[in-house]
1. Quick check: from the Cα gyration tensor, does region 132-176 come out rounded (a/c under 1.5), prolate or oblate?
2. Based on the alpha-carbon gyration tensor of region 96-166 and its eigenvalue square roots a ≥ b ≥ c, which shape applies: rounded if a/c is under 1.5, prolate if not and a/b is larger than b/c, or oblate?
3. Largest first, what is the accessible-area ranking of ARG25, ARG97, ARG123 with a 1.4 Å probe?
4. GLU38: accessible area at probe 1.4 Å, nearest 10 Å²?
5. May I ask you to derive the FRET efficiency for LYS130 and LEU182 from their Cβ-Cβ distance with R0 = 22 Å, giving the value to the nearest 0.05?
6. ARG101: accessible area at probe 1.4 Å, nearest 10 Å²?
7. On a full-extension model of 0.36 nm per residue, what is the gain between VAL104 and LEU48, subtracting their alpha-carbon distance, rounded to one decimal in nm?
8. With every protein chain present, what accessible area does LEU40 have (1.4 Å probe, heavy atoms only), rounded to the nearest 10 Å²?
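The values are calculated or read from the model by the stated rules, or taken from the named source; none is laboratory data. These figures come from a predicted structure and were not determined experimentally. Cβ atoms come from the backbone with ideal geometry, glycine included; neighbour counts cover every protein chain shown. Ligands, DNA and RNA are excluded from the accessible area calculation, which covers all protein heavy atoms including side chains. Shrake-Rupley method; radii C 1.70, N 1.55, O 1.52, S 1.80 Å.
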Amino acid sequence: MSDSARSHRDLVMGALAGQAALAARSAARTLYDTGGREVLPTVAQAGLQTVLTRTASSTVAGAAPTLVDVAAQAGAAEVVSLAVVTTARAAGLQIARTAARAGVVGLVIDAAFGAAEGVVAWRRGTMSGKQACVHATVEAGTGAASTSVGVLVAAGAVALTGGLAAPAVMAIGTGTALATKLGLKRLFVRNRASTPVAPLPAAG
């Protein structure tokens with residue numbers, strides 16, 4: 001994949017995970033208010049907030065720097081949750097649904113990119129038809145997993161620490177999704193003999 005195409009996909013996937021994390025924020029806060037605040041001491045909550053936010057922000061800055069500005073503006077355009085939840089069970093279900101929806105969209109986006117890469121590689125003779133299909137499947141699976149994990153980690157951070165600002169929640173969702181995607185791809189590369197993917201032609 002060309003650098004421009006990969007950068008575009010990183011932006012799409014990062015924004016997807018970050019916005020979904022914001023959508024789950026109020027439900028996660030309900031979990032905090034209904035018991036999550038008792039899990040960790042106050043000092044540990046503050047430390048976890050700092051570590052997660054800094055780590056996620058560093059990941060976003062390295063993988064998709066444009067999203068840093070998007071996260072900084074998230075407070076002014078915060079996503080409204082689909083419903084107001086008042087019980088821990090309802091909050092958990094809403095978070096699960098939000099993560100699942102984000103995963104489905106992530107699957108579709110990465111499946112499309114993976115299929116395009118596979119077709120190009122097959123036409124150039126650097127992949128067999130089977131390898132191209134496997135590549136598209138792996139991209140789809142890692143796309144679904146990474147976006148869902150991004151939402152769940154961000155929601156978990158709020159459920160355990162409470163008052164995370166919207167930009168921090170978006171940064172955690174985005175950064176976790178990007179890091180998970182990269183980690184899963186590296187895992188698949190190590191565990192199977194794969195032919196390098198031919199880059200997609202640069203746009204324009």
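1. On the way: a/c = 6.45, a/b = 3.19, b/c = 2.02.
Prolate, because a/c is 1.5 or more and a/b exceeds b/c.
2. Working: a/c = 4.16, a/b = 3.72, b/c = 1.12.
Taking the square roots of the gyration eigenvalues as a ≥ b ≥ c, region 96-166 is prolate.
3. Values: ARG25 55, ARG97 120, ARG123 185 Å².
I get ARG123, ARG97, ARG25, largest accessible area first.
4. Here the accessible area works out near 140 Å².
5. On the way: r = 25 Å, r/R0 = 1.13.
Computed FRET efficiency for LYS130 and LEU182 comes out at 0.30.
6. Here the residue's solvent-accessible area equals roughly 110 Å².
7. Details: separation 56, 0.36 × 56 = 20.16 nm, distance 2.89 nm.
Stretched fully, the VAL104-LEU48 segment lengthens by 17.3 nm.
8. Counting only protein heavy atoms, LEU40 exposes about 50 Å² to solvent.
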